[in-house]
1. Would you calculate, for the chain, the mean residue ellipticity at 222 nm contributed by helices, counting each DSSP H stretch of 4 or more residues as -39,500 (n - 2.57) and dividing by all residues, to the nearest 500?
2. So I have [x] 2.72; [y] 1.74; [z] 1.21, and one of them is Cα Rg over 2.2 N^0.38 Å calculated from this model. Which one is it?
3. Within the chain, what's the longest stretch lacking trypsin sites (Lys or Arg not before Pro) that sit in DSSP loops with no more than 11 other Cβ atoms inside 10 Å?
4. With r as the distance between the Cβ atoms of T42 and A63 and R0 = 35 Å, compute the FRET efficiency 1/(1 + (r/R0)^6) and round to 0.05.
5. Starting from the Cα of V89, step 7 Å along the direction of its Cβ; do the same at I10; then give the gap between the two resulting points in nm.
6. Using a basic spin-label model with each label point 7 Å from the Cα along Cα→Cβ, how many nm lie between S53 and K82?
7. Show me the helices of the chain, taken as full DSSP H stretches, that run 20 Å or more along their long axis by Cα and average -0.5 or above in Kyte-Doolittle hydropathy.
8. Which GluC sites (Glu not before Pro) in region 40-102 pass both tests, a DSSP loop state and at most 14 other beta-carbon atoms within 10 Å?
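Derivation of every value follows stated rules applied to the coordinates shown; laboratory data play no part. Everything quoted here is computed from the prediction, not taken from an experiment. Cβ placement follows ideal geometry from the backbone for every residue including glycine, while neighbour counts extend to all protein chains displayed.
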Amino acid sequence: MLIILCLYLIAVWIVFRKFKLMRWGWASGTATVLIGAFILATFLALFDYLTPSGSFVIVSRVAEITPNVSGEVIEIPVKPNKPVKAGAVLFRIDPAPFQYKVNQLEVRSPRRASRSSN
C-alpha cells in the first residue's frame, strides 16, 4: 500500500512540479486528492476481497530421509504423504552386493581358523 501511495505521489510531483503539465490550483488539487483517495480505496477493497481468510491447520511436518548405506534402493514401501510409525521399513536396498561380501568373508573365515590352529 505504501508503494502505491509513493508511486502516486511521484506521478503527481512529475505532473505538477517537474514538467509543469498542469497548474496546481484549487480544482486540480482537489481532483488530485480525490483521484488518489479513489485509487487507495480501490486497492484496499481489492486487498480485503482477494486476501484468503479463515482458519487453517498444518496437518503434518515433512522430513527428507535418506539411507545411510550405499547401495541401490529397490523398493520404497512407504506411501507418499502418509504417516509413518516408528520402526517402519522406509527403504529396501538390493541385498546382492552385501550378500556377496558376506559370502566372501565366510569363505575366508574357515581358512583363517585353520591357519591359526596350525
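1. Details: 3 runs with 59 residues, N = 118.
Calculated mean residue ellipticity at 222 nm is -17000 deg cm²/dmol.
2. [x]
3. Numbers: sites that count: K20, R23, R61, K85.
The answer is 24-60.
4. Values: r = 44 Å, r/R0 = 1.26.
That gives a FRET efficiency of 0.20.
5. In this crude spin-label approximation the distance works out to 6.3 nm.
6. Going by the 7 Å Cα→Cβ label model, 4.0 nm.
7. Numbers: long enough: 26-50 (36 Å, 1.61); 96-117 (32 Å, -1.14).
The answer, listed by residue number, is 26-50.
8. Working: sites: E64, E72, E75; in loops: E64, E72.
Passing sites in region 40-102 are E64, E72.
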